[in-house]
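Chemist: I am attaching a structure below and will ask some questions about it afterwards.
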Amino acid sequence: MDVRMTLLSALFLTVTVYCSDSYAQQTIPEAARAHQGGRIERGRVTDVERATVEDLAGGADLVLEGTVTKLKSYLTSDEQDILTDYQVLPTRALLGNVTAKRATPGTSSPIVLTVYGGELVVGGVKVLVLDHSIKPPKSGSRYLLFLKRFGPDGHFALYNAGAFEIDDEALHSVLTRDAQLFDDVAGTPLSRAIQRIEIVAARRRQ
Amino acid sequence: MASRPSTNAFRRGLLVAGIVGIAALSRTDGAVYCQFGGCVNTASGVTNPPQLNPIIESLDGCTADGVAASSTLQDGAWVRAGKYVTVGASASTSGQCNKFGWHPYPTKCDPMGTELRTILNVDTYEILPSGAQNPSQFQHLKLTNQFGGGTVYLQSIDSSVPGSTNGPFLFWLTAEGVHDFRESVATAPTACSIQPTNHSESHRPVNVMECKPEWFTRQDSQGNPIPGSANYHAPPGPITIIIPAGFEAAEAAARAAAAAWAAALNIVINVNMGGTCSIGSGTCVTMSGDHGTLPTDIGCASFRGAGSTSDGTWNDTGTIRLMSTWQDAHPNRLQHTIAHELGHYFGLWNRVDPSCAGPSTIMNGGAGAPGGGCNSSSVPDPAYPLGPTAADIAALKNGTYGQHNRTICGW
């Protein structure tokens with residue numbers, strides 16, 4: 001009996017410790033309950049790596065030029081973060097297959113770009129989760145996107161923060177800072193960047 | 001008999017002088033104040049102390065946290081080593097001394113002219129990072145002769161504008177560290193003995209560094225910097241780092257990284273095996289192995305924190321997020337990664353400017369800086385730091401806590 005109780009206690013402690021560790025940081029709903037009447041701001045900083053057009057194209061599953069439209073923001077499954085989905089309407093595919101697996105014949109799944117961060121009201125409290133390294137896309141704006149598959153079919157994330165707002169022929173990085181890491185891309189006119197991406201795409205097809 | 005009228009006149013004079021003197025006592029600034037047998041000069045329009053405003057400008061343009069700014073450096077500005085700054089001064093005095101002379105018949109105090117309260121000198125000298133004084137001292141005031149009539153003293157100067165003064169003066173900032181520019185102004189003596197005759201010595205520190213400092217500044221929801229806002233930073237401490245279950249193999253690396261930061265910032269950092277951070281505690285940092293599971297989890301680690309919206313102090317647990325493959329890493333690479341992420345916790349941003357050579361900062365090139373990948377088992381380049389460098393310590397100690405206006409020039 002004593003042995004059973006000891007084992008049971010040990011198991012209980014183990015489970016308790018495990019559960020506690022998985023909630024080392026307050027979840028967003030917990031934080032919202034603790035900040036009634038306030039506002040919550042949290043976020044993540046990542047280490048973006050210096051890259052050329054070829055580096056970004058070489059690591060991406062899909063490169064396209066398109067317009068983004070915000071769909072929704074939502075909590076992650078562990079409720080520690082907020083993600084935001086954007087629908088991407090491609091105007092030009094440069095590398096990879098734009099058409100995702102079709103749910104029904106004759107239709108194509110939309111391309112969804114999922115980014116870290118977003119704003120939600122949780123329990124009456126405004127919660128802002130920021131990707132301190134990357135600016136969120138602007139709905140309605142045109143981007144050159146370097147995408148990596150992420151999550152369900154048709155869903156993508158940015159590859160190494162590879163998103164550049166298109167302003168005529170100029171490309172502007174979405175990095176909040178450290179834009180010099182993408183000097184090679186930002187210093188390249190759109191038409192020339194497209195040529196360079198198409199060379200990478202051609203090599204990949206061979 | 002002949003002397004009687006004059007005695008009477010003398011007595012009347014004393015009486016009048018006494019009445020005038022008493023009346024003068026009740027008057028305000030600038031009044032004639034006569035005493036028996038003499039007059040007292042009086043000052044008027046005096047504003048104390050004399051004004052002094054050091055004007056330090058960069059010749060290389062400035063940005064303050066990414067926001068365009070003028071080239072005038074704020075207190076505690078940062079300038080790249082090997083650059084020049086100009087040091088000028090605007091100084092002013094005000095007021096004058098109204099002089100009076102005793103006039104016996106009729107008995108009165110006659111105005112004898114005025115004497116402006118003028119600047120005698122404005123001096124600048126520099127204390128170098130070594131603590132030694134730059135042997136060169138500079139005097140801003142250039143006294144002029146007008147129409148051959150002698151030296152003309154001024155009531156105000158602005159030596160940041162070349163022309164009528166000796167300044168501004170050029171300083172070449174070679175040594176890394178704090179260059180303290182000290183300035184003083186003294187007024188010329190007046191017949192009224194106007195006090196004080198000088199402004200307390202002004203100290204204007206300029207931080208000189210080779211590697212561009214970058215702080216973890218706050219942004220709005222669109223990722224744009226919030227000018228003038230406090231940057232994110234750790235509370236004063238003591239800090240606790242929790243090594244959760246499953247991360248025991250990271251203990252040595254975490255302890256070494258924590259010890260390096262504790263020594264650098266002269267704070268207490270406790271490293272605890274197991275347990276949890278108290279909810280809502282910004283003094284606690286834990287670890288997770290989920291980097292790579294969220295969109296755009298770039299590189300091999302990230303830092304997640306929650307900051308106060310008012311002053312940028314973390315107000316909830318910070319998390320060093322490692323990749324699931326972290327156990328493959330050489331111990332020095334893991335220490336480098338943890339020290340780098342702690343750098344974010346303490347208030348530093350990545351320092352990727354070309355002015356930052358790899359070994360000059362723990363914040364260069366992301367968490368995988370030593371080359372070959374952060375989770376590689378190979379021995380990293382020993383030149384790369386495993387903890388904060390002098391450049392990191394200076395950027396935090398001289399720039400983060402309690403000093404939120406920063407100007408960066410010359411990069």
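The values are calculated or read from the model by the stated rules, or taken from the named source; none is laboratory data. If you're wondering where the values come from, they're calculated on a predicted model, not measured in any experiment. Cβ: placed from backbone, ideal geometry, glycine included. Neighbour counts: every protein chain shown.
Chemist: For region A:184-200, check the following and say yes or no: at least one residue is touching a strand residue (DSSP E or B) at 6+ places or on another chain (Cβ under 8 Å) and in a loop (DSSP other than H, G, I, E, B). Don't jump to the end; show me each part of the working.
Modeler: The first filter runs over region A:184-200 and keeps only residues touching a strand residue (DSSP E or B) at 6+ places or on another chain (Cβ under 8 Å), leaving A:185-186, A:188-190, A:193-194, A:197-198, A:200.
Those still in the list that are in a loop (DSSP other than H, G, I, E, B) too: A:188-189.
The answer is yes; a qualifying residue exists.
Chemist: On to the next question. Is region B:313-325 home to any residue that is assigned to a strand (DSSP E or B), at the interface with chain A (Cβ under 7 Å from one of its Cβ atoms) and in contact with a helix residue (DSSP H, G or I) (Cβ under 8 Å, 6 or more places away or on another chain)? Write out each step before concluding.
Modeler: Of region B:313-325, the ones assigned to a strand (DSSP E or B) are B:313-323.
Next, from what is left, pick out any that are at the interface with chain A (Cβ under 7 Å from one of its Cβ atoms): B:316-317, B:319.
Checking which are in contact with a helix residue (DSSP H, G or I) (Cβ under 8 Å, 6 or more places away or on another chain) leaves us with B:316.
Within region B:313-325, one or more residues are assigned to a strand (DSSP E or B), at the interface with chain A (Cβ under 7 Å from one of its Cβ atoms) and in contact with a helix residue (DSSP H, G or I) (Cβ under 8 Å, 6 or more places away or on another chain).
Chemist: Just wondering, is there one or more residues in region B:139-146 that are at pLDDT below 95, under 26 Å from the mean Cα position of the chain (by Cα) and part of a strand (DSSP E or B)?
Modeler: yes
Chemist: If you scan region A:159-206, which residues turn out to be on the phi < 0 side of the Ramachandran plot and of a type in the set (S, T, N, Q)? Walk me through how you get there before you give the answer.
Modeler: Within region A:159-206, the first condition is being on the phi < 0 side of the Ramachandran plot, and the residues that meet it are A:159, A:162-167, A:169-177, A:179-206.
A:173, A:176, A:180, A:188, A:191, A:195, A:206 - these are the residues of region A:159-206 that are on the phi < 0 side of the Ramachandran plot and of a type in the set (S, T, N, Q).
Chemist: Confirm whether residue B:355 is surrounded by fewer than 21 Cβ atoms within 10 Å (Cβ to Cβ), under 17 Å from residue B:215 (Cα atoms) and free of Cβ contacts under 8 Å to residues at least 40 places away in the same chain. Please lay out each step first, then the result.
Modeler: Numbers: surrounded by fewer than 21 Cβ atoms within 10 Å (Cβ to Cβ): yes; under 17 Å from residue B:215 (Cα atoms): yes; free of Cβ contacts under 8 Å to residues at least 40 places away in the same chain: no.
Here the answer is no, as residue B:355 does not meet what is asked.
Chemist: Give me the residue from region A:23-55 that is within 21 Å of residue B:323 (Cβ to Cβ) and touching a helix residue (DSSP H, G or I) at 6+ places or on another chain (Cβ under 6 Å) and, out of that set, farthest from the other protein chains (Cβ to nearest Cβ).
Modeler: My answer is A:50.
Chemist: Could you check residue A:173 against (1) modelled with pLDDT of 95 or more; (2) away from chain B (no Cβ under 14 Å) and say which number it fails?
Modeler: Unmet condition: (2).
Chemist: Based on what the data block shows, is residue B:328 farther than 23 Å from residue B:397 by Cα and of a type in the set (Asp, Glu)? Write out each step before concluding.
Modeler: Details: farther than 23 Å from residue B:397 by Cα: yes; of a type in the set (Asp, Glu): yes.
Here the answer is yes, as residue B:328 does meet what is asked.
Chemist: Give me a count of the residues in region A:69-91 that are more than 14 Å from chain B (Cβ to nearest Cβ) and either touching a residue at least 60 places away in the same chain (Cβ under 8 Å) or β-branched (Val, Ile, Thr) (or both).
Modeler: Residues in region A:69-91 being more than 14 Å from chain B (Cβ to nearest Cβ) and either touching a residue at least 60 places away in the same chain (Cβ under 8 Å) or β-branched (Val, Ile, Thr) (or both): 2 in total.
Chemist: Before we move on, is residue B:221 at pLDDT below 95 and more than 14 Å from chain A (Cβ to nearest Cβ)?
Modeler: Working: at pLDDT below 95: yes; more than 14 Å from chain A (Cβ to nearest Cβ): no.
Against the criterion (at pLDDT below 95 and more than 14 Å from chain A (Cβ to nearest Cβ)), residue B:221 does not qualify.
Chemist: For residues in region A:10-33 being buried (at least 20 other Cβ atoms within 10 Å of the Cβ) and not in a helix (DSSP H, G or I), which is modelled with the highest pLDDT?
Modeler: My answer is A:26.
Chemist: Which residues, taken from region B:49-73, are outside any strand (DSSP E or B) and either crowded, with 17+ Cβ neighbours inside 10 Å or at pLDDT 85 or above (or both)? I'd like the intermediate steps shown before the answer.
Modeler: First, pick out the residues of region B:49-73 that are outside any strand (DSSP E or B): B:49-50, B:59-61, B:65-66, B:70-71, B:73.
B:49, B:50, B:65, B:73, listed by residue number.
Each row is one residue, and each column tells you yes or no for (1) basic (Lys, Arg); (2) surrounded by fewer than 18 Cβ atoms within 10 Å (Cβ to Cβ); (3) farther than 16 Å from residue B:283 by Cβ.
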| site | (1), (2), (3) |
| --- | --- |
| B:225 | no, yes, yes |
| B:241 | no, no, no |
| B:247 | no, no, yes |
| B:250 | no, no, yes |
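Chemist: Hey, another quick one. For region A:96-111, state whether one or more residues are within 16 Å of the chain's Cα centre (by Cα) and modelled with pLDDT of 90 or more.
Modeler: So far as region A:96-111 goes, yes, one or more of its residues are within 16 Å of the chain's Cα centre (by Cα) and modelled with pLDDT of 90 or more.
Chemist: Give the number of residues within region B:307-332 that are buried (at least 24 other Cβ atoms within 10 Å of the Cβ) and among the small types (Gly, Ala, Ser).
Modeler: Summing the residues that are buried (at least 24 other Cβ atoms within 10 Å of the Cβ) and among the small types (Gly, Ala, Ser) in region B:307-332 gives 3.
Chemist: Pick from B:205, B:196: which is modelled with pLDDT under 95 and either touching a Cys at 6+ places or on another chain (Cβ under 9 Å) or part of a loop (DSSP other than H, G, I, E, B) (or both)? If you could, list the steps in order and put the result at the bottom.
Modeler: Values: B:205 fails: either touching a Cys at 6+ places or on another chain (Cβ under 9 Å) or part of a loop (DSSP other than H, G, I, E, B) (or both).
Only one candidate passes the filter, namely B:196.
Chemist: Is it true that residue B:191 is in a strand (DSSP E or B) and either over 26 Å from residue B:71 (Cα atoms) or within 14 Å of another protein chain (Cβ to nearest Cβ) (or both)?
Modeler: no
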